[in-house]
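The structure appears below as structure tokens.
The values are calculated or read from the model by the stated rules, or taken from the named source; none is laboratory data. All figures in this text were calculated on a predicted structure; none of them were measured in a lab. Note that each Cβ is placed from the backbone with ideal geometry, even for glycine, and that neighbours are counted across all protein chains shown.
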Amino acid sequence: MNLSNIYLTFDIDWAQDNMMEPIFEELLKRRIKSTWFVTHETPLLHIFRQYSDLVDLGIHPNFLKGSTHGESEEEILLNVAGLVPEAKVIRTHSVYQSGPLLSKIANLKSIELDSSIFLPEMSNIQPVKHLTPNGPLIRLPIFWADDYELLKPQSDWTPEQYLKEEGHKVFLFHPVHLFLNASDFCDYESYKKSRPNSSPARTGVMDFFLHLIDILDKTNVNPLFLRDVL
């Protein structure tokens, strides 16, 4: 296995605190670093900040139509940056991006790294320097995402195969999928409709996550913060 350049990241996507707390407790127990992209104010942010050696906070603005973060791209960026003024990293909700938006992100000056590119399970991913009219951004693509895995006809919830790949490996998790231990999108759709899925016990996102951090723990490998690339 190639256990170098691993990053554990979480897009909190307005998740309830009770969904995030068990994830954080598992990471804290093993003293494993992680990066959390913030969408909203929550008391957990205060707790996360008490463990700055283990948790780094980024911003996760929603630029889609109907966003509660604001009406214009500029307003949305300022509002979400205000939640985490110390943030150096960004990932847009739904990996929304455009050339002009990247320039607006660079204009914030506080944000130096963007992780809004998804290259599913690609080998040899490397950070790149992206020039904009307002200055450069470092961009580090996502390697693996739980919601993408849920789309596969036959998901393989064993992390070993992905740890064989060379290059930077950014893992993206969503607290709601971890909370549900989702194995396909039916679990998520059922939850949104307030109809708990009655399917028998199955392997899913939480099993993958626990297996992955167990491997890291047993091999004494600590993932990096995304900002460590800077």
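In this structure, PHE48 does not satisfy being at pLDDT 95 or above, among the aromatic types (Phe, Trp, Tyr), closer than 18 Å to PHE10 by Cβ and under 14 Å from the mean Cα position of the chain (by Cα).
Any idea which residue in segment 155-179 is farthest from the chain's Cα centre (by Cα), counting only those that are part of a strand (DSSP E or B) and buried (at least 20 other Cβ atoms within 10 Å of the Cβ)?
Step one: of segment 155-179, the residues part of a strand (DSSP E or B) are 167, 169-173.
Add one more test, that the residue is buried (at least 20 other Cβ atoms within 10 Å of the Cβ), and what stays is 169-173.
Numbers: LYS169: 12, VAL170: 8, PHE171: 7, LEU172: 4, PHE173: 5 Å.
Here the residue is LYS169.
In the set (1) hydrophobic (A, V, I, L, M, F, W, C); (2) in contact (Cβ under 8 Å) with a residue 60 or more places away in the chain; (3) farther than 21 Å from TRP144 by Cβ, the condition left unmet by ILE23 is number (3).
For segment 77-106, a residue qualifies if it is part of a helix (DSSP H, G or I) and more than 13 Å from VAL38 (Cα to Cα), and the qualifying residues are LEU78, SER94, VAL95, GLY99, PRO100, LEU101, LEU102, SER103, LYS104, ILE105, ALA106. Residue count for segment 30-57 satisfying the condition of being among the acidic types (Asp, Glu) and surrounded by fewer than 17 Cβ atoms within 10 Å (Cβ to Cβ): 2. If you go through segment 140-154 and keep only what is surrounded by 19 or more Cβ atoms within 10 Å (Cβ to Cβ), of a type outside the set (Asp, Glu) and under 20 Å from GLY167 (Cβ atoms), you end up with LEU140, PRO141, ILE142, PHE143, TRP144, ALA145.
Residues in segment 76-93 that are surrounded by 13 or more Cβ atoms within 10 Å (Cβ to Cβ) and not aliphatic (A, V, I, L, M): ASN79, LYS88, ARG91, THR92, HIS93.
For segment 110-126, filtering for residues that are acidic (Asp, Glu), in contact with a Lys or Arg (Cβ under 7 Å, 6 or more places away or on another chain) and either surrounded by fewer than 16 Cβ atoms within 10 Å (Cβ to Cβ) or in a loop (DSSP other than H, G, I, E, B) (or both) leaves 1.
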